[in-house]
């Protein structure tokens, strides 16, 4: 069955969603990402949804789950490129996707995640209180 | 004077049907002249309600109707199933999807995306949800 | 009285040219011909076409119900005429008079053709009156609808003008909201703002609410929804124009602004926006030896 491809870009994984997803495809993506993050020890995950013209509550919850799962594996996630009409619809429904970082595009998403990763490294090296 | 223009029924029996539902609603909404913002609201509501019909209703149908009333156009979606029904509709509406798994019906959310919304359900008999949006 | 077959079609067939010229005279008298808005030749063309369609529809012998399909070409034509009159700036009565002023020319010739038969004459006069009245009303309805459409479009344009999104700096948009923020308005604000954010790929939007007269729970909720949508896209909002009274109202209402940054002035908001973007503003330094 079809799968959404996951690209590796250095320490980032990039997922570009360009098809209308049915629930099973979304679940498979979640599993695939978990495996890839673990296999590559990726520190950042970028999910590009600039081609998605609809995100419903199931898909929104999936993004939240992915971010949570990634964090457990020490990776940060950014959801990038959400279309205005999708953002307004989610806001109208009452979805705020707390726990998921967002950025306007892939470039800004990478900058955001790098900054977060820098922060973490600084914390790790900070002298014990 | 409201003139009905179109009426079509689609099956909602498997996951792939939801994709067809989304596509069809998008097409019809575009044809009727809804803005892209309103189109997205309709498609999202259809996806939510379609999923409910599939997962909680055990499968059913979606009827799509279009109307012309003077200068505005309307699109109505009716999701129907013969499933277990919703015991407490008010509760289901407030759950939205903050409830994971279980109900998480997305009913409350969908309601906010349309102009008219109605739920009729009887335990053991089935559920019918009607959602309408006007330009 | 035996049911009479109307002789209106006959009258129209025999005396079309005369009726047209009489009708044009009636229209000129009733000031429906607005030489400032429409040329005489245009009006003549319209009148001629109407007579033709009118005569064809009468052939169906259905004089009562103009909703019937036989009358559709006539209705369509009247619809077109009224719509164009509305856009051209005619008044509703000037538009209706196009149809109504046809009565007199028809009456004159019906009197002749029904000479000696007052009952038949009465019936046909009645037929003409009812028919042309209905068509006249229909033209006014269409006129009104067109006027409403034009006003609707103008309102939309005004809305857009009153929700101008400006680029304060590269990556920083400014949106002063003027007027009450009701549900419909807040939808437009969100749509306009988010579209611009996407177009410019700006990260910060400064929403100034100095021009919003009332802060109540629903206004606050609309604002929060806007901030939520902005954040989902990957940008953020700073709300400026929070006067002391507004701040008090917000606390009173128990509205939770969460972690939304709010500032009293646009200047304060701009400074916060610069900070967020990692920009600093300072005095320009001049290199020694350089001329200004």
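If I filter the range B:30-48 down to residues being more than 10 Å from every other protein chain (Cβ to nearest Cβ) and touching a residue at least 60 places away in the same chain (Cβ under 8 Å), which single residue comes out as surrounded by the fewest Cβ atoms within 10 Å (Cβ to Cβ)?
Here the residue is B:33.
Is it the case that some residue within the range C:263-283 is in a helix (DSSP H, G or I), within 14 Å of chain A (Cβ to nearest Cβ) and under 18 Å from residue C:200 (Cβ atoms)?
yes
Kindly list the number of the only condition in (1) farther than 17 Å from residue C:175 by Cα; (2) surrounded by 18 or more Cβ atoms within 10 Å (Cβ to Cβ); (3) at pLDDT 90 or above that fails for residue C:209.
Checking residue C:209 against (1) farther than 17 Å from residue C:175 by Cα; (2) surrounded by 18 or more Cβ atoms within 10 Å (Cβ to Cβ); (3) at pLDDT 90 or above, the one that fails is (1).
Across the range A:1-17, which residue is surrounded by the most Cβ atoms within 10 Å (Cβ to Cβ) among those that are over 19 Å from residue A:110 (Cα atoms) and either modelled with pLDDT of 95 or more or within 14 Å of chain B (Cβ to nearest Cβ) (or both)?
Only one residue fits best here, namely A:2.
Can you tell me which residues in the range C:230-262 are within 11 Å of chain A (Cβ to nearest Cβ) and within 37 Å of the chain's Cα centre (by Cα)?
Hits for the range C:230-262 are C:230, C:231, C:232, C:233, C:234, C:235, C:236.
Residue C:60 is checked against (1) at pLDDT 90 or above; (2) touching a helix residue (DSSP H, G or I) at 6+ places or on another chain (Cβ under 7 Å) and fails just one. What number does that condition carry?
(1)
Would you pick out the residues in the range A:50-62 that are within 13 Å of chain B (Cβ to nearest Cβ) and in contact (Cβ under 8 Å) with a residue 12 or more places away in the chain?
A:52, A:53, A:54, A:55, A:57, A:58, A:59, A:60, A:62
For the range A:117-124, indicate whether the set of residues that are in a helix (DSSP H, G or I), more than 14 Å from every other protein chain (Cβ to nearest Cβ) and in contact (Cβ under 8 Å) with a residue 60 or more places away in the chain is non-empty.
yes
Looking at (1) within 15 Å of the chain's Cα centre (by Cα); (2) more than 30 Å from residue C:182 (Cα to Cα); (3) within 14 Å of another protein chain (Cβ to nearest Cβ), can you tell me which one residue C:153 breaks?
(2)
Working carefully through the options C:249, C:219, find the one that is outside any strand (DSSP E or B) and surrounded by fewer than 22 Cβ atoms within 10 Å (Cβ to Cβ).
C:249
Output the number of residues of the range C:186-195 satisfying the condition of being at pLDDT below 95 and more than 7 Å from every other protein chain (Cβ to nearest Cβ).
So the answer is 5.
For residue A:86, indicate whether it is crowded, with 23+ Cβ neighbours inside 10 Å, under 18 Å from residue C:193 (Cβ atoms) and at pLDDT 95 or above.
Criteria met by residue A:86.
Assess whether residue A:45 counts as being at negative phi, crowded, with 22+ Cβ neighbours inside 10 Å, within 8 Å of chain C (Cβ to nearest Cβ) and in contact with a helix residue (DSSP H, G or I) (Cβ under 7 Å, 6 or more places away or on another chain).
When the stated conditions are applied, residue A:45 does not pass them.
Give the range A:89-116 a look and list any residue that's out of contact with any helix residue (DSSP H, G or I) (no Cβ under 9 Å at 6 or more places or on another chain), surrounded by 18 or more Cβ atoms within 10 Å (Cβ to Cβ) and at the interface with chain C (Cβ under 8 Å from one of its Cβ atoms), or say none.
Once the filter is applied, which keeps residues that are out of contact with any helix residue (DSSP H, G or I) (no Cβ under 9 Å at 6 or more places or on another chain), surrounded by 18 or more Cβ atoms within 10 Å (Cβ to Cβ) and at the interface with chain C (Cβ under 8 Å from one of its Cβ atoms), the range A:89-116 yields A:108, A:109.
The values are calculated or read from the model by the stated rules, or taken from the named source; none is laboratory data. Source: prediction; values computed, not measured. Using ideal geometry, Cβ is built from the backbone for each residue, glycine included, and neighbour counts are taken over all protein chains shown.
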